[in-house]
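Below is one structure, written out as structure tokens, with a few remarks after it.
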Amino acid sequence: MRGGKYGEIQLGREIMDSPGFIESSDGTTHRGITIESRHITMLVPSYAPGVDDSDRSTWTHHTRFMEVAPALDHPAQRQFEGTMEAAARIADAYTRSPLAAQENRAMETDDYYRKKLGECKDHAADGKKEFAISAEHKTDIVIRDLGRAAMDDDDLRTSQILTTMLDITDDDLEAEGKLSHEELLALPAEERRKLTSHVLERKIGEDKFHTLTPEEQEACCMHLFGGCCCHKDLNVLRIAYAGVQRLYSIHPTLTPPVLLANKANSARIRLGADDPKSSAAVENAIEASSSGAIKLLQLLGALLRHKDGERGYQDKCTIFMRQRQLEQYGIKNAPKFPDVSNTRYSSFTYGAVYVICFHGLIQELITEIIDGKTHSGQPNHVEHLILKGINCPETMSHMVAIALYGVSVGWGYMAMFCANIAAFPWKILDPTTPLTELTIDGQPAEEGWIRFTPEFRIGGTFDRLTPAQRANMWIPATNDRNEGMLGTGRNWFKYKPNSTAQSFSNHTRTQQNNTEAFIKKYCDKAVEKFVMREAVVGSVAEGEGGERPQTTRETAAAKKKSKAARLAATQLEFDITKIQAMTSKLLKDQLAVYRDVLKDDILGKKLWKDMSTVAVRRELVLQARERELARQAVRDSQDSNNPETTPETIIIDEYGYSAGDDDEWEEIVE
């Protein structure tokens with residue numbers, strides 16, 4: 001606890017001294033609970049003995065760990081609020097510490113955004129949206145700062161301030177405070193005066209902001225996005241593969257890869273072949289099914305290296321491959337099948353190369369496993385699909401293309417050559433092509449690189465930076481720090497289940513941020529007493545029900561209530577036209593009511609991961625609708641024969657369960 005508090009004071013001081021920093025973050029789930037990791041990268045002193053820390057030439061860029069914290073969920077607004085809370089804690093810890101008093105300064109939460117120059121995130125919609133919210137918040141701070149400075153300037157006439165104040169309306173106050181008209185009228189006079197002051201600062205600040213040149217405005221509000229380069233490669237591969245899949249609609253004469261449908265869709269397709277009336281169901285089953293190399297790699301990952309160590313054939317695969325690869329190729333310490341089950345960086349390209357190199361051994365392994373089954377001696381559905389896929393020429397052609405991309409571009413990361421190889425794709429297959437020219441084999445990936453590297457273009461974000469601005473910022477090339485920290489946090493909670501995210505953050509902050517050196521150089525007895533007192537207060541609050549970080553159990557309960565509120569408000573829709581127009585989210589809510597409240601037998605046997613696409617969800621909702629209408633007709637018939645019977649009322653409790661239901665809520669994955 002004490003080390004963590006020292007770490008917060010250190011971060012506050014370093015942020016105040018830094019010319020600017022880059023924030024990076026990421027999130028994941030652990031046992032159904034969202035956890036978020038945050039780091040900041042900035043110029044910091046070495047804190048080495050005998051080094052003058054006031055000499056900034058001795059400073060170097062380092063990435064500082066901020067926190068790992070639980071959250072209700074991971075939308076953009078929630079991510080922004082989590083960062084605001086972390087910034088407020090750091091500002092509060094530093095400002096109240098004796099160190100701030102000794103240095104005669106204080107830190108506001110807004111100082112965090114004043115110093116923030118940009119973000120490094122994954123290339124995801126929620127990350128881009130959070131970046132936009134954060135940039136808007138920084139611009140708002142800059143404008144209010146300009147307004148306060150202008151009002152302190154003698155050149156701004158009192159009459160101008162009064163005129164601006166008289167122009168402030170209730171609509172302005174409601175927009176500023178995000179209040180309704182009724183809430184504004186009920187606001188105490190002091191709160192209304194504060195709100196009016198904020199609006200005044202903003203209006204004068206906006207006038208001042210518009211007098212600045214575009215270059216000055218950009219410098220004041222600098223907020224760059226440097227996406228994780230590993231995710232650039234990951235998303236580019238997806239775009240390239242999607243481009244390959246589109247070829248079959250553009251060129252109908254091409255033979256597509258064999259369909260690798262799941263067990264339910266396979267049965268529907270097989271039975272529908274003999275029933276002309278079920279053509280719509282067969283079409284939906286085909287639409288919901290996948291094919292190609294990526295699907296085959298997912299199946300292989302589930303079988304040969306399942307993310308759950310208790311499932312799959314990973315041990316059998318390791319033993320078999322180690323022996324065969326040593327016998328046939330002289331390979332010692334044969335590698336495991338790539339971790340596609342967890343979608344590690346480049347894992348699909350590594351998986352494709354593995355399949356191409358050891359195609360025959362994989363087929364032999366699966367065949368031996370099937371033959372060794374004492375009861376049936378028959379393949380299960382996954383084994384059947386894998387054998388079908390690796391013997392499909394079109395699927396293996398896709399596999400070769402993915403492998404070539406990984407070897408030529410993904411692993412070497414030579415995006416600059418994409419345009420050249422898109423024009424001359426035969427270079428990859430030409431044995432006389434120099435190795436320095438081998439990169440990629442098609443237009444779709446080039447399109448992806450263009451989409452995910454706008455900040456590197458001539459005239460783009462980075463190109464417009466001045467030398468001084470480049471010297472002040474350091475954007476990590478990847479988001480590995482947060483990815484790794486989330487994994488470290490999962491292991492921590494696994495082996496210390498009674499621990500909290502705060503205790504993990506306190507421990508990690510001390511270990512990774514050079515905090516011990518900071519303490520020795522800058523923290524005297526007064527700071528030590530302050531930290532000890534804060535640690536005692538924090539421990540008492542955590543142990544006696546005061547304000548403390550949410551535990552995993554409490555966060556789970558809060559999340560369950562949040563979902564239950566939406567579920568309880570969901571009304572079943574029986575109009576087919578409206579169902580056909582529903583979005584994926586609305587269809588998911590309909591399925592949740594049928595499955596978890598009305599206990600539909602068929603939906604109850606399905607996993608949410610098998611109901612992920614819009615087409616599948618719509619088909620299942622329509623089928624559940626038919627079953628529910630049939631059940632209602634039976635109940636109505638029974639009620640008409642027994643007038644004294646009272647129709648059953650479904651009561652949903654605060655967690656969204658029907659009476660007597662003790663099942664766990666299952667996460668609905670989009």
Here, residue 511 and residue 175, labelled 7 Å along Cα→Cβ, have an inter-label distance in nm of 4.9
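Of 307/520; 121/496; 5/307; 263/599, which ones are farther than 32 Å apart at the Cα? Mind showing how you got there, number by number?
Details: 307/520 44 Å; 121/496 29 Å; 5/307 36 Å; 263/599 22 Å.
Pairs exceeding 32 Å: 307/520; 5/307.
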Radius of gyration and maximum dimension Dmax of region 139-225, Cα, Å: 14.5, 43
Ranked 52, 110, criterion: other C-beta atoms within 10 Å, fewest first: 52, 110
In order through region 8-24: 3J(HN,Hα) via Karplus (6.51 cos²θ - 1.76 cosθ + 1.60), integer Hz, x for Gly, Pro: 5, 4, 4, 4, x, 5, 5, 5, 5, 7, 6, x, x, 9, 10, 9, 10
Taking other Cβ within 10 Å of each residue's Cβ, how do 486, 11, 212 sort, fewest first? 212, 486, 11
Tell me, 594, 313 in order of fewest to most beta-carbon neighbours within 10 Å? 313, 594
Give the long-range amide H neighbours of residue 313: residues separated by 5 or more places, or on another chain, with amide H under 5 Å away, using H modelled in the peptide plane at 1.01 Å from N. 304, 305, 306
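Holding the Cα-Cα limit at 27 Å, pick out from 295/336; 295/588; 138/563 the pairs that are longer than that. Walk me through the intermediate numbers first.
Values: 295/336 19 Å; 295/588 24 Å; 138/563 32 Å.
Listed pairs above 27 Å: 138/563.
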Show which lysines lie in cross-link reach of residue 332 when reach means a straight Cα distance below 18 angstrom and same-chain residues fewer than eight apart are skipped. 316
The answer for residue 34, listing residues at least 5 apart or on another chain whose modeled amide H is closer than 5 Å to its amide H, is 71
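Under a Cβ-Cβ cut-off of 11 Å, what is the net charge of the residues other than residue 579 that fall near it, where Lys and Arg count +1 and Asp and Glu count -1?
Around residue 579, the surrounding residues sum to +1.
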Quick one: 3J(HN,Hα) in Hz for region 56-73, Karplus 6.51/-1.76/1.60 with θ = phi - 60°, rounded, Gly and Pro as x. 6, 5, 8, 7, 9, 6, 9, 9, 9, 7, 9, 5, 10, 9, x, 9, 5, 7
In whole angstrom, the spacing between the Cα centers of region 100-155 and region 479-512 equals 28
Can you list the HN-Hα couplings for region 489-502, worked out from phi with the Karplus curve (6.51, -1.76, 1.60; θ = phi - 60°), rounded to whole Hz and with x for Gly and Pro? x, 4, 5, 4, 5, 5, 8, 10, x, 8, 6, 10, 4, 5
Under 5 Å between amide H atoms, partner at least 5 residues away or on a different chain: which partners does residue 225 have, H built in plane at 1.01 Å? 119
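Read-outs throughout are calculated quantities, based only on the coordinates presented, and are distinct from any laboratory measurement. The shown structure was predicted, so the numbers you read here are calculated from the model rather than taken from an experiment. We place every Cβ from the backbone using ideal geometry, glycine too, and count neighbours over all the protein chains shown.
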